[in-house]
Amino acid sequence: MRIIPTKLMVGHQWFTVEHPKVMYKYGRMGSVRYDIRVINVASHSSRTGKRFTDAQKENTFWHELTHAILSDMKSPLYKDERFVTSFADRLTKAIRTARFQ
């Protein structure tokens, strides 16, 4: 698994990344709490109890970070789940396939 950071800056604010066992809203794998500057990435499904794969957790992190960045930019797209999902999927793939030589 690629490492998900524990802390990072979005704009001029520090965000902490936390890993609760489950997110109690149905179907959620992650969330952003703008008020307390926390990105949550769950480790297990609240519906099935099964553990999320490393790839799922990594994609969730990039997805939630995309929300946070767009919000910091004051873009209305931060609320557009379809856009954020599409962008984060592409970002995850780009990062996972990046090669530095």
Quiz item: When you look at Leu65, is it surrounded by 15 or more Cβ atoms within 10 Å (Cβ to Cβ), closer than 22 Å to Arg96 by Cβ, out of contact with any strand residue (DSSP E or B) (no Cβ under 9 Å at 6 or more places or on another chain) and not polar (S, T, N, Q), yes or no?
Solution: no
Quiz prompt | Matching option when the condition is touching a strand residue (DSSP E or B) at 6+ places or on another chain (Cβ under 8 Å), basic (Lys, Arg) and surrounded by fewer than 18 Cβ atoms within 10 Å (Cβ to Cβ), among Arg28, Arg37, Arg47 | solution = Arg37
Practice problem: Give the residue that is modelled with the highest pLDDT, with candidates limited to residues of the stretch 1-46 that are of a type in the set (D, E, K, R) and over 24 Å from Asp80 (Cα atoms). | Solution: Lys7
Self-check item: So Lys7, is it surrounded by fewer than 17 Cβ atoms within 10 Å (Cβ to Cβ), touching a Phe, Trp or Tyr at 6+ places or on another chain (Cβ under 8 Å) and basic (Lys, Arg)
Solution: yes
Quiz item: If you take the residues in the stretch 78-101 that are in a loop (DSSP other than H, G, I, E, B) and hydrophobic (A, V, I, L, M, F, W, C), which one is nearest to the chain's Cα centre (by Cα)?
Solution: Ala98
Quiz prompt | From the options Leu77, Leu91, residue that is over 20 Å from Pro5 (Cα atoms), surrounded by 14 or more Cβ atoms within 10 Å (Cβ to Cβ) and not hydroxyl-bearing (Ser, Thr, Tyr) | solution = Leu77
Practice problem: Would you please list the contacts, defined by Cβ atoms under 9 Å and residues six or more apart or on different chains, that run from a residue in the stretch 8-33 that is touching a residue at least 40 places away in the same chain (Cβ under 8 Å) and over 18 Å from Met73 (Cβ atoms) to a residue that is of a type in the set (S, T, N, Q) and assigned to a strand (DSSP E or B)? | Solution: Val17/Asn40
Quiz item: When both residues are 6+ apart or on different chains and their Cβ atoms are under 6 Å apart, which pairs have a first residue that lies in the stretch 49-73 and is closer than 16 Å to Lys7 by Cα and among the polar types (S, T, N, Q), and a second that is at pLDDT 95 or above and part of a helix (DSSP H, G or I)?
Solution: Thr66/Val84; Thr66/Phe87; Thr66/Ala88
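The values are calculated or read from the model by the stated rules, or taken from the named source; none is laboratory data. This one's a predicted model, so the numbers in the text were calculated from it and none came from an experiment. Don't worry about glycine lacking a Cβ; one is built from the backbone with ideal geometry, like all the others, and counts go over all protein chains shown.
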